[in-house]
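Data first, discussion second: the structure below is written as structure tokens.
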Amino acid sequence: MIEKKIISKRFDKIDPYSIADYIATGGYKPLIKAMTGERIDILSEVEKSRLRGRGGAGFPVAIKMMALAKEAASVKYIVCNADEGEPGNFKDRAIMEKDPHSILEGMIITAYATRATKGYIYIRCEYDKSIEIMRHAVDEARKNHFLGLKIDKIDFDFDIEIRLGAGSYVCGEEFALLESIEGKTGRTRVKPPFPTSVGLFGKPTEINNVETFANIPVIVDMGGDEFAKIGTKSSTGTKLLSLSGNVNNKGVYEIPFGIPIKTVIDELGGGVPDSRALKMVQLGGACGPIIPRYLLDMIIDFDRFDEFESKTGSGAIIVMDDRWDIFDILLRNVDFFKHESCGKCAPCREGHNQLARLLRKFTDRKATVKDLISIESLARVMHQTSLCGLGQTSPTSIISTLRYFREDYIDRLESLEV
Amino acid sequence: MTLDLMLQKYPASSEYLIEALRDYQTAKIDHCVTEMEIVKIAKYFNVTESKVCSVVSFYSFLSEKPKGKYVIRICRDVPCFVNKSESILKTLETRLGIKPGETTTDGLFSLEFTGCLGQCDHAPAIRINEKTYVDLTPDKVKAILSEYREEKS
């Protein structure tokens, strides 16, 4: 058994529309423990847990929480990023549809620890079922006095509003998301200042991914030290994985950090269908690296993924068999980002057009050595100079294939003359 | 629903602009917002018309261009692609006689590409208006299209 169900322990075992089911399985107990009972220090427990953000970037959660707690403003916000739009990711949808109150509980505990006054959940409008279930959960939580005024009879007011996107990938980027909640086009802001000092409506704001919030009640319940024993030194706890592509058992799986990718694909995924050979795997989503078979012994771990300089930590694993051409895959990634770029900064806005143009020369076998040099340097420039995570990470699939599948690029050159 | 009635559902604060627009377009048969409506919406939320236009052109689910009664959105990202989404696209194109970005002459269907729908564990996937269809094959797509056509007649 390589699965370890902590975040997914209630999946398919409770009715997501029933707050009673959630409470009967230990739900909202951590919240009461944190607020009234043992009066534990939430911030220090989260710090001890060494929890890192689950949206992909792996930023230490305690740092954001402490930064928000320190802000003296009378209005402070907690925002849950449920704009899961990265191709190949669907684990946040699973949490919302199968255990919605765990997200709310994590948000309420975070708000209590940081003295935030209001919460927002920004859900992409394509997630109809998630929206319906989350709305219902917020209503139920309010009726049961876990949200609203004087939560659980103590002097703490906090409520949550659900906001919907309108079809924009970049709104998953934290500043673009805040702009969108404010009713504007989803274009990022220049940072610093960071959201914890100047965020939503100019107020201090902490933004976390759905899965990150779902981890908070678990940490309060078991204690930060116990939590930190799960996983690896740099990546504590478990990770929800979205396994897709050419694999027999696609789906969401929860594993402790430190499990090799190959074990996930073979044991949980049941391998590649139709006795085909695995050719490559893309990690994290369209913005992640594409790696060859010989790297699959790599363990799932934030530090191990650091070498790709991308937001690989969201837990998507897209398996591709030997039928697929690398350039078809790369072009799909680049066309996606070209469409989703907000257009605010030049490296991203112009860069994707040029990447697509150069990649098409490789698919048409019309590329020159100069094109190879251009694509390599352009990918690097975009990575280093784009304003937000979109343009910084979108060239990762190109940078990684230039490293691991370089011969494929060379094969497509019209001639080897410089 | 008339535009006035819909607007009343939202506080007259510009932060609700996107949701109001999406709500209204979802309910409209041609899924778009006209110039006259933009003027009215801008006035209600006390923002400039150009701001409404910039929001409408930014978000994929908002449009100034009229669309078919049923907007079919097909995912073209990698998890669907490696599960034969191209065959789904081809079936849709042949059956409807249109390419992505176009609307059938009877105004019944529009075909568009969409970003990942988060249904990769049941790829390939499409969305028709507010409904998502998964685990598709060309035959399933043909059956779904017939259902929509029958609904019309």
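The values are calculated or read from the model by the stated rules, or taken from the named source; none is laboratory data. If you're wondering where the values come from, they're calculated on a predicted model, not measured in any experiment. Glycine gets a Cβ as well: all are built from the backbone with ideal geometry, and neighbour counts include every protein chain shown. Surface accessibility is based on the protein's heavy atoms, side chains included, excluding ligands, DNA and RNA. Shrake-Rupley method; radii C 1.70, N 1.55, O 1.52, S 1.80 Å.
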Segment A:235-250 residues near the modelled A:Asp322 label - backbone nitrogen below 19 Å, point 7 Å along Cα→Cβ: A:246-248
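If you stretched the chain out fully between B:Glu151 and B:Glu86, how much longer would it get, using 0.36 nm times the residue separation minus the C-alpha to C-alpha distance?
Working: separation 65, 0.36 × 65 = 23.40 nm, distance 2.66 nm.
Here the answer is 20.7 nm.
I need to check one value: relative contact order of chain B, counting alpha carbon pairs closer than 8 Å and at least 6 residues apart, in percent. Intermediate values should be presented prior to the final figure.
On the way: 208 pairs, mean separation 30.2, N = 153.
20 percent.
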Rounded to whole Hz, the Karplus (6.51, -1.76, 1.60) HN-Hα couplings of segment B:25-32, x for glycine and proline: 5, 4, 6, 6, 5, 9, 6, 8
Segment A:32-178, relative contact order [Cα under 8 Å, separation at least 6], %: 23 percent
Within the protein assembly as shown: Cβ-based charge dipole about Cα centre, in debye rounded to nearest 20 (Lys, Arg +1; Asp, Glu -1): 520 debye
Carbon + sulfur, % of accessible area of segment A:238-321 - ligands and nucleic acids excluded, 1.4 Å: 44 percent
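Could you report chain A's accessible area per residue, 1.4 Å probe, as an integer in Å²? Kindly include the intermediate steps, with their values, before the conclusion.
Working: 15330 Å² over 418 residues.
Dividing the accessible area of chain A by its residue count gives 37 Å².
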Nearest-20 debye value, segment A:324-418 charge dipole, Cβ charges on Lys, Arg, Asp, Glu: 300 debye
Residue among A:Ser180, A:Gly148, A:Gly56 farthest towards the positive dipole end of chain A, charges placed on Cβ: A:Ser180
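Any idea what the dipole of segment B:3-58 comes to, in debye rounded to 20, about its Cα centre with Lys/Arg Cβ at +1 and Asp/Glu Cβ at -1? Can you show the working numbers first?
Numbers: 6 positive and 8 negative charges, 14 e Å.
Roughly 60 debye for segment B:3-58.
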At least 50 Å² of accessible area lost relative to the chain alone, listed for segment B:1-40 with a 1.4 Å probe: B:Glu15, B:Ile18, B:Glu19, B:Arg22
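Rounded if a/c is under 1.5, else prolate if a/b beats b/c, else oblate: with a ≥ b ≥ c from the C-alpha gyration tensor eigenvalues square-rooted, which is segment A:346-387? Write out the running numbers ahead of the final one.
Values: a/c = 3.69, a/b = 1.85, b/c = 1.99.
Because a/c hits 1.5 or more and a/b fails to exceed b/c, segment A:346-387 counts as oblate.
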In the A-B interface, the accessible area buried, summed over both sides, Å² (probe 1.4 Å): 3400 Å²
Normalised per residue, the volume of the convex hull around the Cα set of segment A:238-321 (Å³): 74 Å³
For segment A:75-94, residues shielded by at least 50 square angstrom of accessible area compared with the chain on its own, probe 1.4 Å: A:Arg93
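Please work out whether segment A:19-228 counts as rounded, prolate or oblate from its C-alpha gyration tensor, where a ≥ b ≥ c are the square roots of the eigenvalues and a/c under 1.5 means rounded, while otherwise a/b larger than b/c means prolate and anything else oblate? Please report the intermediate quantities before stating the final value.
Details: a/c = 1.43, a/b = 1.21, b/c = 1.18.
Rounded is the answer for segment A:19-228, as its axis ratio a/c remains below 1.5.
Carbon-plus-sulfur fraction of the accessible area of segment A:16-63, 1.4 Å probe, in percent? Provide the component values of the computation, followed by the final result.
Values: 1280 of 2140 Å².
That share works out to 60 percent.
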Helix B:138-152 vs. chain B, principal-axis angle (Cα, 0 to 90°, nearest 10): 50 degrees
Shielding by partners - mean other protein chain Cβ count within 10 Å, residues of A:287-293: 0
Reachable aspartates and glutamates from B:Lys40, criterion Cα separation under 16 angstrom, eight or more residues apart if same chain: B:Asp4, B:Glu19, B:Asp23, B:Glu49, B:Glu64
Label zone at A:Ile373, where the point sits 7 Å out along the Cα-to-Cβ direction: segment A:385-418 residues whose backbone N lies under 14 Å: A:416-418
Filter on A:Lys4/A:Lys64; B:Lys99/B:Lys142; A:Lys279/B:Lys140 - keep pairs with C-alpha separation over 23 Å: A:Lys4/A:Lys64; A:Lys279/B:Lys140
DSSP bridge orientation in the protein assembly as shown - percent antiparallel, rounded to nearest 5: 45 percent
Net charge of Cβ neighbours under 10 Å - reference A:Lys262; Lys, Arg +1; Asp, Glu -1: -2
Under 5 Å, built H, 5+ apart or other chain: amide partners of A:Lys239: A:Ile255, A:Phe257
Fraction of accessible area attributable to carbon and sulfur, segment A:326-411 (%, probe 1.4 Å): 50 percent
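May I ask you to derive the relative contact order of chain A, considering only C-alpha pairs under 8 Å and at least 6 residues apart, and to give it as an integer percent?
Reported relative contact order: 17 percent.
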Chain A shape via C-alpha gyration tensor axes, a/c threshold 1.5: prolate
Set A:Lys344/B:Lys69; A:Lys118/A:Lys143; A:Lys5/A:Lys33; A:Lys76/B:Lys51 screened for pairs whose C-alpha atoms are more than 24 Å apart: A:Lys344/B:Lys69; A:Lys76/B:Lys51
Kyte-Doolittle mean at least -0.5, axial Cα span of 15 Å or more - DSSP H helices of chain A: A:100-114, A:210-222, A:326-340, A:369-385
Unit charges at the beta carbon, dipole of the protein assembly as shown: most positive-side option, A:Trp324, A:Ala356, B:Tyr70: A:Ala356
Distance in nm between pseudo-label sites at A:Ala72 and A:Thr25 (7 Å out along the Cβ direction from Cα): 4.5 nm
